[in-house]
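Undergrad: The structure that follows is given in the form of structure tokens.
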Amino acid sequence: MLDLLHIDKTFHHGTANETTLFSDFSLTIARGEFVAVVGSNGSGKTTVLNLISGSLLPDHGQVLLDGEDMTNRPPYRRARRIGRVYQDPALGTVPHMTIRENLALAENKGKPYGLSLCLSRKKNAYYRELVAELGLGLEEKMDIPVSLLSGGQRQALSLLMSTLTPVDLLLLDEHTAALDPKTADRVMALTERIVREKGITTLMVTHNLRYAVEYGDRICMFHAGKILLDRGGEEKKATRVDDLLSLFQSISIECGN
């Protein structure tokens, strides 16, 4: 279970640009739940991911993972329990290293190792089998630099790497936004399969309203640091893209846009 409790976050303290985004903000995600988060730019979606991963610290409040206080833990300590896939396909892999080497690094996350040991021959067949399941033909490209892969191939590899070791939470930061529609659909189908097969608690930030409606157990809409809509179960299943568009439009009118 993930708990964000009474979070306060203000940017640019003491300056003319001081902005309070979160004030007494709380969010709870049940273990194994797949939550899609939508909202306009500046609504707090990515900031929430950064607070969870540790790249930002709250001014006040707590971040708990299965009851364990993660609030002041450095990002590298949290990474042992939290996987993250970014919008930019280049951020989730080491571009000058091969597919095989990237998988070896991901599998040994948080462990002491030398590269010569983690690239043992016994692992070769295992890694080939893993990437073959992606259905992208990467098993025939195990020894080429990741920089030569397409964006969709790299993002699929990033998704695989982020869940290669057991993680308690997966953060998806607009992970299909930089892909063409066909590749994005393929990556989303792969996301659904991995999340369901491994039962990973997942928080997915997306601007794609169709994905937010079609995938996951719950949908939340953020606006100005608050949760404007929160639907799960049958209510979420009944939600349509037009419902979200109507809500976006009403927000825009209220804001004078």
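The values are calculated or read from the model by the stated rules, or taken from the named source; none is laboratory data. For clarity, every value in this text was computed on a predicted model and none was experimentally measured. Ideal geometry is used to build each Cβ from the backbone, glycine not excepted, and the neighbour counts take in all protein chains shown. Surface accessibility is based on the protein's heavy atoms, side chains included, excluding ligands, DNA and RNA. Shrake-Rupley method; radii C 1.70, N 1.55, O 1.52, S 1.80 Å.
Undergrad: Report, please, the projected area of segment 119-244 averaged over directions, based on the convex hull of its C-alpha atoms, in nm². Can you show the working numbers first?
TA: Details: hull surface 37.1 nm².
Mean projected area of the Cα convex hull: 9.3 nm².
Undergrad: If you roll a 1.4 angstrom probe over the protein chains with everything in place, what fraction of the accessible area of segment 20-139 belongs to carbon and sulfur, to the nearest %? Don't jump to the answer; show the numbers that get you there.
TA: Working: 2950 of 5810 Å².
After summing per-atom areas, the C and S share lands at 51 percent.
Undergrad: So what does log10 I(q)/I(0) come out to for the chain at q = 0.11, 0.15, 0.18 Å⁻¹, using the Debye formula with one equal point on every Cα and no solvent?
TA: -0.63, -1.11, -1.45
Undergrad: Please grab the % of Cα pairs in segment 115-191 that end up more than 22 Å from each other.
TA: On the way: 793 of 2926 pairs.
Cα-Cα pairs of segment 115-191 separated by over 22 Å account for 27 percent.
Undergrad: At a Förster distance of 35 Å, what's the computed FRET efficiency of Ala189 paired with Lys122, Cβ-Cβ distance as r, to 0.05? Don't skip to the end; give the middle numbers.
TA: Values: r = 31 Å, r/R0 = 0.88.
With R0 = 35 Å, the Cβ-Cβ based efficiency is 0.70.
Undergrad: Using alpha-carbon positions, what is the distance between the centroids of segment 167-195 and segment 55-97, in Å?
TA: 18
Undergrad: Per DSSP H run of at least 4 residues, take -39500 (n - 2.57); add these up for the chain, divide by its residues and hand me the 222 nm value, nearest 500 deg cm²/dmol.
TA: Numbers: 10 runs with 92 residues, N = 257.
About -10000 deg cm²/dmol.
Undergrad: Under a crude label model (7 Å from the Cα following the beta-carbon direction), how far is Glu140 from Leu245 in nanometres?
TA: 4.1
Undergrad: Can you tell me the equivalent ellipsoid semi-axes for segment 29-176? Use √(5λ) from the Cα gyration tensor, largest first, whole Å.
TA: 29, 18, 13
Undergrad: Please report the Cα spread of segment 1-95 along all three principal axes, rounded to whole Å, starting with the longest.
TA: Result for segment 1-95: principal-axis Cα extents of 39, 35, 26 Å.
Undergrad: Still on this structure, I have one more. Using a 7 Å offset from the Cα along the Cα-to-Cβ direction at both Glu133 and His12, what is the distance between the two label points in nm, to one decimal?
TA: About 4.6 nm, to one decimal.
Undergrad: How much accessible area per residue does segment 103-236 have, counting only protein heavy atoms and a probe of 1.4 Å, in square angstrom? Working shown, then result.
TA: On the way: 6150 Å² over 134 residues.
Normalised by residue count, the accessible surface of segment 103-236 is 46 Å².
Undergrad: Quick one: pull the percent of accessible area on segment 165-235 belonging to carbon and sulfur, 1.4 Å probe, ligands and nucleic acids left out. Can you show the working numbers first?
TA: Values: 1500 of 3030 Å².
Carbon and sulfur together cover 50 percent of it.
Undergrad: Another question about this same structure. By per-residue mean of other Cβ atoms within 10 Å, what is the highest-first order of 161-167, 8-14? Walk me through the intermediate numbers first.
TA: On the way: 161-167: 18.7, 8-14: 13.0.
With the highest mean Cβ count within 10 Å placed first, the list reads 161-167, 8-14.
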